[in-house]
1. Kindly indicate whether residue 155 is crowded, with 16+ Cβ neighbours inside 10 Å and not basic (Lys, Arg).
2. Suppose we keep only residues that are hydroxyl-bearing (Ser, Thr, Tyr) and at pLDDT 80 or above within the stretch 270-302. Which one would you say is farthest from residue 254 (Cα to Cα)?
3. For the stretch 155-169, how many residues meet the condition of being in contact with an Asp or Glu (Cβ under 7 Å, 6 or more places away or on another chain) and either basic (Lys, Arg) or on the phi > 0 side of the Ramachandran plot (or both)?
4. Within the stretch 20-43, does at least one residue satisfy the condition of being of a type in the set (Val, Ile, Thr), out of contact with any Cys (no Cβ under 9 Å at 6 or more places or on another chain), more than 17 Å from residue 216 (Cβ to Cβ) and surrounded by fewer than 21 Cβ atoms within 10 Å (Cβ to Cβ)?
5. Taking the conditions exactly as written (within 19 Å of the chain's Cα centre (by Cα), more than 23 Å from residue 179 (Cα to Cα) and not aromatic (Phe, Trp, Tyr)), does residue 2 satisfy them or not?
6. Residue 7 - would you say it is within 27 Å of residue 255 (Cα to Cα), surrounded by 20 or more Cβ atoms within 10 Å (Cβ to Cβ) and modelled with pLDDT of 95 or more?
7. For the stretch 158-203, give me each residue that is over 29 Å from residue 133 (Cα atoms), in contact with a strand residue (DSSP E or B) (Cβ under 8 Å, 6 or more places away or on another chain) and surrounded by 13 or more Cβ atoms within 10 Å (Cβ to Cβ).
8. From the residues in the stretch 97-129 that are assigned to a helix (DSSP H, G or I) and in contact with a Gly (Cβ under 7 Å, 6 or more places away or on another chain), which one is farthest from residue 158 (Cα to Cα)?
Amino acid sequence: MNYSEMVVLIGNKCTTKCNICCFDSTIESNELINDEYISNYLYSLKDSKEIQWVHFSGGEPFLYYNRLKKYIKICSENNKNTTVITNGFWANDFLDVLNTLTELKICGLKRIGVSFDEFHNEYISCENIKNILIVAKRLNLYPSVQSVVLKNSKIGDLIDLLGDSISNVPINFMSCDKVGRADNIVLEKDLIKRNMEQMPVCRKGHTFSVKYDGTVWPCCCPVVYSTSLSVGSIYYDIKTVADALKAINDNKKLKILRNKGFNYYIKLFKDYGCLSMPEMITSSCELCKLFFDISNENFYEKNLYNNLNVSEVKLNAL
C-alpha cells in the first residue's frame, strides 16, 4: 500500500475527559512534542513526493494554537495539504469561529474535522459544533464529523442535535476500541464486534503517524501505540519523513502483514499454540494489539524471522 498521509499528535492535553478517549487525555495531561524537532521534521516534507496530506490532532490541538498555525504554515510552504481534528471547545462564539478559521485558512488549512458523539457532548455544546460546521462550509474547509459509537449508541439523536448544520457534511462512525480510558471503563458487552475471519487484512496502510512523545508509527489507529510496531523516534533515528517511510518499509513484521495479511499471523500463532484466539473482535486493529504485543518479541525472533527469509517475500508497494 502507498503511504500518502501523515498524522501528527501535537500533545495529549484535552479539555474533556471522555470515557472512550483512546489516550486517557485530561486537562492535566502534559506530554507535548518538541517544537524544534517536529518543525525540522515537517520541513523535510519538501523532499517527500509521496505524502500529500498532514493531519494534526491531539489531545486537543487548539490548546496549542500558535504551534498549530506554525505547523500548518510549514506544510503549506512545502505544498502539502493539512487538516485538523478538534473537539470544538473554543467555538462558542460564531464571530470568533469565523475569525479563527479564516486565520487558519490563510495559514494553509484545507479541511477541519470535529469529534462529536454522546461522549463529547457531555462536555461540549452542540452549538459549538454547529458554529464550526457552518463557518467551515462557508470557507470551503470541507468539515467532517467523527463519532465513536457503542452497540447501544443512538446515532439518530446525534444527527438531530446538529440539525441543518450537518447538511452535506460527512459523518464517520467508528466503533470504540478497548484502548486508553476506554480499556478501563467501556464494558466488553457494549462494544461492536465482528467475526475475526472478516478482518484478514490491514486497512490502515496509507497513513502513518508521529505521536506526541516523538515516536513514529506505521498507522494512525490509537491501538498501534500499545504494540511493538514503533519504527523509531524523531528525537533519535527518524530525522526526516523519508527516514520514516524507509523504516516502515524495512520493518519485517509490517512487510509480512502488508503482503500476506493477518491470516499469516493467525496461522502462525495457532500452529505454535501459544496464543488464545478470540472469535469476535472490534476491528482489524485489535489483531495488531494481539499479535504485536511487546511480550511477543522473543517469539518472533525465534519462530518467525529465523524460518522466513523476509527479503525474499515479494511485497505489494507500501
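The values are calculated or read from the model by the stated rules, or taken from the named source; none is laboratory data. Given the structure is predicted, the values throughout are model-derived calculations rather than measurements. Don't worry about glycine lacking a Cβ; one is built from the backbone with ideal geometry, like all the others, and counts go over all protein chains shown.
1. No, not satisfied.
2. 282
3. Of the residues in that region, 0 qualify.
4. no
5. Judged against the criteria, residue 2 is a match.
6. yes
7. Scanning the stretch 158-203 gives 193, 194, 196, 199.
8. The selected residue is 128.
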